[in-house]
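What follows is a short report on a single structure.
Every read-out reported here was derived from the displayed coordinates using simple, explicitly stated rules and does not represent laboratory data. Only a predicted model underlies this, so the values are computations on that prediction, with no experimental measurement involved. Counting neighbours? That spans all protein chains shown, and the Cβs are built from the backbone with ideal geometry, glycine included.
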Amino acid sequence: MPYYPLPIVLLLMSQLDYIFKPTSLCITQVLPGATCNIQDVFAAVASSDGAILLDSGASQESGSRFDIALWQPLLTITCQQGITKVNDADGVTIKRFAQYHSPLSVAQDYIQAFQASINTSQVDQALYSTLPMVLGLAGFCSYDLGRYFETLPALNAAEYACPDMMLGIYNRALIHDTQTNRWYFCHTTEVAVPDFNQWLNTSCQAFHLTEPWQSNLSKSQYKAALSKVNHYLKAGDCYQVNFAQRFKAGFDGDIWSAYRLLTQANNAPFSAFLNTKNSALLSLSPERFIQCRDGNIETKPIKGTRPRSQYPEQDERNAAALLNAEKDRAENLMIVDLLRNDISKHSAPGSVKVPELFKLESYVAVHHMVSRICGKLNNDSHPLQLLEGCFPGGSITGAPKIRAMEIIEELEPNRRAAYCGSVIYLGLKNDLDSSICIRTLLAENNHLYCWAGGGIVLDSVADDEFQETLDKVARILPVLESTIEKA
């Protein structure tokens, strides 16, 4: 992004009721500790409002390489119950937008003004081009943000304190290159470089569940709901519907400690921890949603799952069974077609390709079938417009998307909130990356919520689908439930 002089910045900001002071980018190499990881450092700010950790989870999948810690946003853009608010660093609302005004278009206006205010010419350009995000916009969009873009039924109560979207603009970021083990503090000139060694002394309070997990559906209720899904599939309403159950448990203590415990049992490439005013998001996601770098678009939908086995031969049989399963391949292909259509809305004509179809990716708890779709961003489109045009991800709705979302609202007893939404960032270089919030927990009011679902098609077997939901959270629910006896 080019840097603009003060008069241009003021013009860009004239409709936003907020002025970003023109400044310069600094990238300072730091050394928090010889053997520490990003979580050791982030612990010092994890409890602060707007703190975000984008955590590669020591995974090598999806090109994972960088960890990013963000805190003290200059401003935040949140939406809830149809109203979008822009708050300054002190939490004071400086702008409100009308009912169901597009929150992502608001975010686009503010991030473009922020980008325009920063001179990047003084930093090492090779390093600047290598590091992701550097500074910019980051946060999450809940599944229910889709209500701002489409007309959907509202059959279930909006019961969560968690907003429908929370995006912050950050003028400081600590980035760890796990490949080289180098650390970079990216900041604007007015932001001082902290003594990160002092941050390493932060102690975490204990965490424990106060009760076992309880689903919002019994197995018989789950199977009855799938029977209704099957009716819609036979009637031709949909080809596929993603259906989920929600687990709930009470907790006490430090939710950051729960995240650290979960990451010891999972190494997901799109892990993330986000702290908002009234809730926290703990994500152990293996799935990329939309990436856009230098105008190159990539999305990697997951459809098809088999459990891992401790016995190597059985584990290989499970993987082979997944790759050769006609049902899972059909599910995957349906979503590939949906996403090809979604990204084509903002792609150059003829640029959308599928270079990888039905690839195996293996994680601690499960094997997944993953495909990769690529395209080239239209010259007149913005990455956030691309994200909005694809939101929420087709891999967690079904096809056709809107009808599938209507059926989800009818048959799932509770709204999804952050589950099946996206954690996102958009940096100074207009580099966008985002996840699908599966294997994701929401913490608020001393309760934890965790969801698990799967794509339902005509030849789905209810018992198998129910078991698959349990397989997907096999390294999440038991890990936290084990803390009950330690309380």
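Here are the numbers:
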{"quantity": "Angle in degrees between helix 326-344 and the longest Cα principal axis of the chain, rounded to the nearest 10", "calculated": "30"}
{"quantity": "Largest-first ellipsoid semi-axes for the range 352-479, taking √(5λ) over the Cα gyration tensor eigenvalues, angstrom", "calculated": "27, 19, 17"}
{"quantity": "Cα centroid separation, the range 116-183 to the range 445-480 (Å)", "calculated": "27"}
{"quantity": "Computed Kirkwood radius, in angstrom, where 1/r is averaged over Cα pairs of the range 1-153", "calculated": "17.8"}
{"quantity": "Cα-based Kirkwood hydrodynamic radius, the range 47-106, one decimal, Å", "calculated": "13.7"}
{"quantity": "Peptides 165-178, 341-354, 71-84 ordered by average Cβ neighbours within 10 Å, highest first", "calculated": "165-178, 71-84, 341-354"}
{"quantity": "Net charge of Cβ neighbours under 12 Å - reference Ser227; Lys, Arg +1; Asp, Glu -1", "calculated": "+2"}
{"quantity": "Above-threshold pairs, the threshold being 30 Å between Cα atoms, out of Lys277/Lys401; Lys223/Lys303; Lys219/Lys277", "calculated": "Lys277/Lys401; Lys219/Lys277"}
{"quantity": "Taking the convex hull of Cα positions in the range 258-395, its mean projected area over all directions (nm²)", "calculated": "10.1"}
{"quantity": "Between the range 276-334 and the range 22-48, the Cα center-to-center distance that results, in Å", "calculated": "30"}
{"quantity": "Projected area averaged over orientations for the range 133-267, convex hull of C-alpha atoms, nm²", "calculated": "13.7"}
{"quantity": "Net charge contributed by nearby residues that have their C-beta within less than 9 Å of Glu356 (K/R +1, D/E -1)", "calculated": "+3"}
{"quantity": "For the range 316-373, average projected area of the Cα convex hull in nm²", "calculated": "4.5"}
{"quantity": "DSSP-defined antiparallel bridges as percent of all bridges, the range 21-127, nearest 5", "calculated": "85"}
{"quantity": "From the C-alpha gyration tensor of the range 147-223, square roots of 5λ in Å", "calculated": "40, 23, 14"}
{"quantity": "Charge dipole magnitude, Cβ of K and R +1, D and E -1 - the range 308-376, Cα centre, debye nearest 20", "calculated": "360"}
{"quantity": "Local electrostatic count, Pro400, Cβ distance below 12 Å [Lys/Arg +1, Asp/Glu -1]", "calculated": "-3"}
